[in-house]
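Data first, discussion second: the structure below is written as structure tokens.
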Amino acid sequence: MIAVKESCATFHPDSAQDYVPSALLAELQFSRLKNIVARAFDRVPLFRSRMSDRDLTPDSITSLADISLLPFTTKTDLRDTYPFGLFASPMEEIVRLHASSGTTGKPIVVAYTQQDVDVWTSVMMRSFAACGLHHGDIIQNAYGYGLFTGGLGAHYGAEGLGATVIPISGGNTDRQIMVMKDFGVTAICCTPSYFLHMIERAAEMDIDIRDLPLRVGVFGAEPWTPSMRKRIETLSGIRAIDIYGLSEIIGPGVAIECPEQNGLHIFEDHFYPEIIDPETGAVLPEGEEGELVLTTLSKHAMPMIRYRTRDITALLPGRCPCGRSLRRMRRIGRRSDDMLIIRGVNVFPSQVEAALLDVEGTLPHYQIVLTRMHGLDQMEVLVEVTPETFSDKIGALEELSTKIADALEHVLGLRVQVRLVEPHTIQRSEGKAKRVLDRRLPS
């Protein structure tokens, strides 16, 4: 059992919607669905064209189940209509724009009316309240501010809750640790990999995070495994909470864990979830794994109808012991577009992480390097090991390397090369960790 600091459970009025009876929630969802479909049909040419191709009009939606009749939206649609082609509000009603970095093509641009910003603030308040934060907490927000949605989304939600926000953004790890210690921070928001780096750096500064008032970490923006959570909670003594969101929908605040940590509650009154077969597009029943599809039920500036997230998960059956009626989804462990195909075998970086963290003597810092030799893809996994392990005899290191290779083969079904490296060899990220280096030349 991991000893973590607990929060005093408090109820925030904005969280009332988390407990609404399912029948009332379904009525609200249907009403909002009809309105948002009509808005998109009237104001977004791409959506109207695709509905017309299917002989659909807003009047075709006569029940919540009819959502499956509607066409999907993809990230490509956002790029093809760059910058403002999917807006459903005139620019004079837009109060905020965010955009992706555009490193893999045209950036995607997302827009918010004031009402959208208010909804975003509300779901972030409900998110923080769900994980035990409240008025009086001091929240260090190390998500990036700027065009990235993480920073401002968390910021407004924390302020709305009545907490004290430290808008420190990402980077400058020594200053992060100084602030955490000197300001009496009780909660932090950042990526899980960056918080691991903070733990590591704090130890080098002779600061044990377990001795600080910090008790909750709200971690997201990258997939992470249960083993990574266990590592964080053991090393820091905090409760590590998983939050989910994406800019295309609203930003962070689409779903979050409660202290039960058995799935993420989706704020279904604003975001309607479906799970589909990623190959056929068919809707899958509750409990089956597939691709998460989300429809924004209340987004005015830029409604997203059946947006394919590429995130692989499942909707969990049964009600959470916390009492919330909102459905839960299993934590996101992988994305369909993260998948690597190595010599015909499907490999996800999260599988590598899960296998590594089960082997004693390894650190949660690794990198996958892909090369091609004689036309065949090669995969090498660089793994940092503890200082004690690295100073052991060569025979012990070889034994550990073999143990890791065996663990990876068991999980992946593929024998890969393993190279043990000294602590601090793999570059640390102040945002999303870069797990894969693809050095394959085109065939």
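The values are calculated or read from the model by the stated rules, or taken from the named source; none is laboratory data. Because the structure is a prediction, the values reported are computed rather than measured. A quick note on method: Cβ atoms are made from the backbone with ideal geometry, for glycine too, and the neighbour counts reach across all protein chains shown. Ligands, DNA and RNA are excluded from the accessible area calculation, which covers all protein heavy atoms including side chains. Shrake-Rupley method; radii C 1.70, N 1.55, O 1.52, S 1.80 Å.
Out of the residues in segment 169-191 meeting the condition of being in contact with a Lys or Arg (Cβ under 9 Å, 6 or more places away or on another chain) and outside any strand (DSSP E or B), tell me which one is surrounded by the most Cβ atoms within 10 Å (Cβ to Cβ). Break it down stepwise before answering.
Start the filter on segment 169-191 by keeping residues that are in contact with a Lys or Arg (Cβ under 9 Å, 6 or more places away or on another chain), which leaves 173-174, 176-177, 186-187, 191.
Narrowing the set further to residues that are outside any strand (DSSP E or B) leaves 173-174, 176-177, 186, 191.
Numbers: T173: 19, D174: 12, Q176: 26, I177: 21, T186: 23, T191: 23.
Result: Q176.
If you go through segment 68-86 one residue at a time, do you hit one that is assigned to a helix (DSSP H, G or I), closer than 30 Å to S15 by Cβ and open to solvent by less than 10 Å² (accessible area, probe 1.4 Å)?
No, segment 68-86 contains no residue that is assigned to a helix (DSSP H, G or I), closer than 30 Å to S15 by Cβ and open to solvent by less than 10 Å² (accessible area, probe 1.4 Å).
Check whether at least one residue in segment 327-334 is touching a strand residue (DSSP E or B) at 6+ places or on another chain (Cβ under 6 Å), among the β-branched types (V, I, T) and closer than 29 Å to G263 by Cβ, and report yes or no. Give the derivation first.
In the first step, residues of segment 327-334 are kept if they are touching a strand residue (DSSP E or B) at 6+ places or on another chain (Cβ under 6 Å); the result is 327-332, 334.
If we keep only those that are among the β-branched types (V, I, T) too, we end up with 332.
Pick out the ones that are also closer than 29 Å to G263 by Cβ and you get 332.
Yes: one or more hits.
Pick from Y194, Y143, Y156: which is surrounded by 23 or more Cβ atoms within 10 Å (Cβ to Cβ), hydroxyl-bearing (S, T, Y), in a helix (DSSP H, G or I) and on the phi < 0 side of the Ramachandran plot?
Details: Y143 fails: in a helix (DSSP H, G or I); Y156 fails: surrounded by 23 or more Cβ atoms within 10 Å (Cβ to Cβ).
Sole residue among the options that is surrounded by 23 or more Cβ atoms within 10 Å (Cβ to Cβ), hydroxyl-bearing (S, T, Y), in a helix (DSSP H, G or I) and on the phi < 0 side of the Ramachandran plot: Y194.
Which of the residues that make up segment 76-89 are in contact with a helix residue (DSSP H, G or I) (Cβ under 9 Å, 6 or more places away or on another chain) and of a type outside the set (D, E)?
Start the filter on segment 76-89 by keeping residues that are in contact with a helix residue (DSSP H, G or I) (Cβ under 9 Å, 6 or more places away or on another chain), which leaves 77, 80-81, 84-89.
The answer is T81, F84, G85, L86, F87, A88, S89.
Which condition number does S101 fail, the rest of (1) hydroxyl-bearing (S, T, Y); (2) under 28 Å from the mean Cα position of the chain (by Cα); (3) open to solvent by 50 Å² or more (accessible area, probe 1.4 Å); (4) within 27 Å of L284 (Cβ to Cβ) being met?
Against the list (1) hydroxyl-bearing (S, T, Y); (2) under 28 Å from the mean Cα position of the chain (by Cα); (3) open to solvent by 50 Å² or more (accessible area, probe 1.4 Å); (4) within 27 Å of L284 (Cβ to Cβ), S101 comes up short only on (4).
Looking at this structure, is R32 under 26 Å from the mean Cα position of the chain (by Cα), within 22 Å of D311 (Cβ to Cβ) and in a helix (DSSP H, G or I)? Break it down into steps so the answer makes sense when it comes.
Numbers: under 26 Å from the mean Cα position of the chain (by Cα): yes; within 22 Å of D311 (Cβ to Cβ): no; in a helix (DSSP H, G or I): yes.
In short, no.
Could you check segment 309-332 and list, in sequence order, the residues that are among the hydrophobic types (A, V, I, L, M, F, W, C), open to solvent by 10 Å² or more (accessible area, probe 1.4 Å) and not in a strand (DSSP E or B)?
Correct list: C322, I332.
Determine if segment 392-408 includes at least one residue that is part of a loop (DSSP other than H, G, I, E, B) and assigned by the TED database to the domain that holds L357.
yes
Specify the residue that is surrounded by the most Cβ atoms within 10 Å (Cβ to Cβ); the eligible residues are those in segment 333-350 that are assigned to a loop (DSSP other than H, G, I, E, B) and in contact (Cβ under 8 Å) with a residue 40 or more places away in the chain. Can you show your working first?
Our first condition is that a residue be assigned to a loop (DSSP other than H, G, I, E, B); within segment 333-350, this holds for 333, 339, 343-344, 348.
Remaining after also requiring in contact (Cβ under 8 Å) with a residue 40 or more places away in the chain: 333, 343.
Values: G333: 20, R343: 12.
Only one residue fits best here, namely G333.
If E353 satisfies every condition in (1) assigned to a loop (DSSP other than H, G, I, E, B); (2) in contact with a Ser or Thr (Cβ under 6 Å, 6 or more places away or on another chain) but one, which is the exception?
The failed condition is (1).
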